[in-house]
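K.L.:
The following block contains the structure, expressed as structure tokens.
The values are calculated or read from the model by the stated rules, or taken from the named source; none is laboratory data. From a predicted model like this one, the values you see are computed outputs, not experimental measurements. Cβ sites come from the backbone with ideal geometry, for glycine too, and all protein chains shown count toward neighbours. In case anyone asks, the SASA skips ligands and DNA or RNA and just uses the protein heavy atoms, side chains included. Shrake-Rupley method; radii C 1.70, N 1.55, O 1.52, S 1.80 Å.
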Amino acid sequence: TTAGAPQRELRGGQDVFALKLSADGSRLLYSTFIGGTQEDTAPAMLLDSQGVVLIAGTTNSTDLPTTDNAFARTPRGGFDGWFGILNAAGTQFAHLSYLGATGNDSVNGVALGSGGNLYFTGQTDSPNFPTTTSAHQPAIAGGIDAYLIRLNNTLSAIEYCTLLGGRNQDVGTDILVDRS
């Protein structure tokens, strides 16, 4: 890790890391670990136009270093999704939060909408996954279903959440958002 990293040490069996190299790849500009004392993964990552890094994944750590403004500061299930926003300098988590319900949940894809809304997709087997009243599919149809969540631009509330799936296992792996 580099000086000023928000998490300088490996905390668990498997932590995530983020790093930034110079444009020519010759220098390490920053690096940091992200994780708790158990298993943490991050299959989803994107970079916004300001150099801010959005990272999302799955954890069974109960002690992620969540931020005060977190959407959810504590886990709810065996495995929960999580997401984080690392500032452009790589020195601070602007947001680090759990995202899940009482079953097993993962975040596999993240997208940023034009209004600053974050979109997530992944999978869940949680019977109480937080779907909204306008959901296309409000309840689990099979053992594991995909989901689509849109959080507001302050990351404080779910604007839309639906499950997507049939009788078998369905997984959301990536997400793209267009202008409309």
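K.L.:
The list (1) 64, 34, 28; (2) 49, 38, 28; (3) 100, 28, 25 gives values of Cα extents along the principal axes in Å, and only one came from this structure; which label was calculated from it?
P.N.:
Only one option fits the structure, namely (2).
K.L.:
So for the pair Thr91, Ser180, with labels modelled 7 Å out along Cα→Cβ, what separation do we get in nm?
P.N.:
Each label point lies 7 Å from its Cα, and together they span 4.4 nm.
K.L.:
Tell me, what % of the accessible area of the chain is carbon and sulfur with a 1.4 angstrom probe? Could the numbers behind the result be given before it?
P.N.:
Numbers: 4430 of 8890 Å².
Exposed carbon and sulfur together represent 50 percent of the surface.
K.L.:
Right, something else. Could you report the range 57-121's accessible area per residue, 1.4 Å probe, as an integer in Å²? Mind showing how you got there, number by number?
P.N.:
Details: 2240 Å² over 65 residues.
It amounts to 35 Å² per residue over the range 57-121.
K.L.:
Right, next: Using a 1.4 angstrom probe with every protein chain in place, what is the largest-first accessible-area order of His95, His136?
P.N.:
Final ranking, largest accessible area leading: His136, His95.
K.L.:
Taking the chain as a Gaussian network, Cα atoms linked when under 10 Å apart, which of Ile34, Ile140, Ile55 shows the biggest mean-square fluctuation?
P.N.:
Result for the chain, Cα springs under 10 Å: Ile140 fluctuates most.
K.L.:
Compute the Rg to Rh ratio over the range 35-102 from the alpha carbon atoms, using the Kirkwood formula for Rh, and round to two decimal places.
P.N.:
0.97
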